[in-house]
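Undergrad: I am attaching a structure below and will ask some questions about it afterwards.
The values are calculated or read from the model by the stated rules, or taken from the named source; none is laboratory data. The structure presented is a predicted model; accordingly, all values stated were derived computationally and were not measured. For neighbour counting, all protein chains shown are included, and Cβ atoms are generated from backbone atoms with ideal geometry for every residue, glycine included. Calculation scope for accessible area: heavy atoms of the full protein, side chains included, ligands and nucleic acids excluded. Shrake-Rupley method; radii C 1.70, N 1.55, O 1.52, S 1.80 Å.
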Amino acid sequence: MTPVAVDRIASAAQACSVATRLAEEFAVRASQRDRDGVLPHAEIARLSASGLLAITIPAEFGGADLPPSVVADVVRTPAVADVI
């Protein structure tokens with residue numbers, strides 16, 4: 001398995017900005033993926049590489065240690081865009 005470079009999220013503002021950008025990207029093909037019954041493999045890879053999946057890691061381990069309210073917003077943003 002080849003290691004994937006992952007961006008590091010450092011703040012709530014950055015996390016929200018990245019989530020919004022991904023939501024815009026995901027929304028472009030969401031309907032087509034649904035019609036074709038295609039799983040969002042590329043989108044999951046983008047989400048993973050964006051650093052958003054690590055925003056709850058404690059600061060002492062190099063993470064952003066963002067609060068649950070920010071995590072909820074970050075998860076909601078691309079999820080809503082994917083069903084529009």
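Undergrad: Placing +1 at every Lys and Arg Cβ and -1 at every Asp and Glu Cβ, with all other atoms neutral, what dipole size does the chain have around its Cα centre, in debye to the nearest 20?
TA: 140
Undergrad: Once Lys and Arg get +1 and Asp and Glu get -1 on their Cβ, which of Gly51, Pro40, Ala5 lies farthest toward the positive end of the dipole of the chain?
TA: Selected residue: Pro40.
Undergrad: Between Val38, Val18, Val70, find the one with the highest GNM mean-square fluctuation for the chain; connect C-alpha pairs within less than 10 Å.
TA: Result: Val38 has the largest fluctuation of those listed.
Undergrad: Could you look at the chain and say what percent of its accessible area is carbon and sulfur, using a 1.4 Å probe and all protein chains?
TA: The value for the chain is 63 percent carbon and sulfur by accessible area.
Undergrad: Would you mind working out the accessible area per residue for the chain, using a 1.4 Å probe, and quoting it in Å²?
TA: It amounts to 66 Å² per residue over the chain.
Undergrad: Another one. Cα convex hull of region 8-74: how many Å³ per residue?
TA: 79
Undergrad: Less than 13 Å from a label point 7 Å out along the Cα-to-Cβ axis of Arg21: which backbone N atoms in region 51-70 qualify, by residue?
TA: Within reach of a label on Arg21, which here means backbone N under 13 Å from a point 7 Å along Cα→Cβ, region 51-70 contributes 51-52.
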